[in-house]
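Below you'll find the structure, written out as structure tokens, and then a few comments.
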Amino acid sequence: MFAFHSGTLPMRCSTLLFVASLAAPCAAESQAGRLPPASIREDIGSFRAFLGGDNSYSEAARAEMQRRLAALETAADTVGPAWFELEIARLVALADNGHTNAQAASRSTRFNRIPLRLTPLTDGFYVLRAHSAQADLLGARLVAIDGRAIADVRKVVHTLTGGTTEWRDRFAPYTFESPQQLQALGQAREADAATYRFQLADGRAVDRRIVAELPDINRPRNGTARWMFPAVALPNEGPGWRSLLPVDKAPW
């Protein structure tokens with residue numbers, strides 16, 4: 001077990017790293033939207049120390065990680081919170097074993113998120129839970145984000161998680177649902193909203209610009225499989241959420 005510390009920040013954040021379930025480092029954002037360079041370098045140094053005792057990485061992956069850590073350290077004066085955390089997630093995912101990963105669920109509370117929830121099914125990502133204002137999208141399949149085909153966005157988002165394609169798909173919605181993270185990855189134009197294209201059950205295409213809700217550390221972190229269940233209110237979720245499967249239609 002290992003902890004990153006952003007010791008010089010007004011809000012101290014510590015993130016525990018586990019071999020089986022690795023949480024990405026967290027650092028409070030400065031008023032200028034940047035992270036204090038000293039904190040970034042401190043976290044990078046701590047991450048290097050962690051790597052010294054971890055055997056999950058091949059020699060090639062370890063060399064790639066060290067190269068990119070050096071580049072990240074050089075860019076410390078200009079790095080923003082989302083880009084920093086996502087780059088660390090990509091580096092962790094180089095282990096590619098499905099276990100050593102930065103937790104997308106935990107990360108999702110530190111960045112914004114649109115008021116709908118996606119779940120991967122056989123032929124794509126579907127809206128299975130949504131706030132009442134977006135309830136007409138329940139059952140719709142995600143086609144594109146800001147004009148980028150979801151297949152292309154998916155390839156980029158998959159770099160945040162190691163493991164099989166199916167395993168990576170389970171965690172991709174946490175990023176699809178966050179314009180802030182998507183912009184940091186170069187997949188969205190704005191940090192606070194994005195235009196999502198959906199295909200409805202009747203075949204019609206719908207373009208919807210959706211404004212994201214602010215970060216919330218108390219936001220539910222449930223995995224994508226949870227959205228297959230009926231619309232039972234979740235702790236800290238707030239009112240107005242609906243699921244594709246109504247409670248009175250559930251077979252149990």
Task: Filtered residue count, the stretch 166-181, keeping only those that are free of Cβ contacts under 8 Å to residues at least 60 places away in the same chain and out of contact with any Lys or Arg (no Cβ under 9 Å at 6 or more places or on another chain) - done: 2
Open item on the list: Tell me whether the stretch 149-168 contains one or more residues that are touching a helix residue (DSSP H, G or I) at 6+ places or on another chain (Cβ under 6 Å) and farther than 20 Å from ILE88 by Cα.
Closed with: no
TODO: Would you check which residues across the stretch 108-129 are in contact with a Phe, Trp or Tyr (Cβ under 7 Å, 6 or more places away or on another chain) and under 20 Å from ALA191 (Cα atoms) and list them?
DONE: SER108, ARG117, LEU118
Open item on the list: Against the conditions (1) farther than 20 Å from SER108 by Cβ; (2) at pLDDT below 95; (3) crowded, with 21+ Cβ neighbours inside 10 Å, where does ALA250 fall short? Just the number, please.
Closed with: (3)
Task: Residue list for the stretch 199-238, filter: open to solvent by 50 Å² or more (accessible area, probe 1.4 Å), part of a loop (DSSP other than H, G, I, E, B) and at pLDDT below 90 - done: PHE229, VAL232, ALA233, PRO235, ASN236
TODO: Scan (1) surrounded by fewer than 18 Cβ atoms within 10 Å (Cβ to Cβ); (2) touching a Ser or Thr at 6+ places or on another chain (Cβ under 8 Å); (3) among the polar types (S, T, N, Q) for the single condition THR122 breaks and write down its number.
DONE: (2)
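Could you tell me which of the residues SER39, SER46 is at pLDDT below 90, touching a Phe, Trp or Tyr at 6+ places or on another chain (Cβ under 7 Å) and part of a helix (DSSP H, G or I)?
Result: SER46 is the single residue among SER39, SER46 that is at pLDDT below 90, touching a Phe, Trp or Tyr at 6+ places or on another chain (Cβ under 7 Å) and part of a helix (DSSP H, G or I).
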Task: Selection status of ARG117, in contact with a Ser or Thr (Cβ under 7 Å, 6 or more places away or on another chain) and among the charged types (D, E, K, R) - done: no
Open item on the list: Quick check on my filter: what residues within the stretch 124-179 are in a loop (DSSP other than H, G, I, E, B) and closer than 18 Å to VAL206 by Cα?
Closed with: LEU138, GLY139, ALA140, ASP146, GLY147, GLU177
Task: Qualifying residues in the stretch 49-102 (those that are among the acidic types (Asp, Glu) and not in a loop (DSSP other than H, G, I, E, B)) - the one most open to solvent (accessible area, probe 1.4 Å) - done: GLU59
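The values are calculated or read from the model by the stated rules, or taken from the named source; none is laboratory data. What you see is a predicted model; the values in this text were computed from it and never measured. Cβ sites come from the backbone with ideal geometry, for glycine too, and all protein chains shown count toward neighbours. Remember, those area values only see protein heavy atoms, side chains included, never the ligands or the DNA or RNA. Shrake-Rupley method; radii C 1.70, N 1.55, O 1.52, S 1.80 Å.
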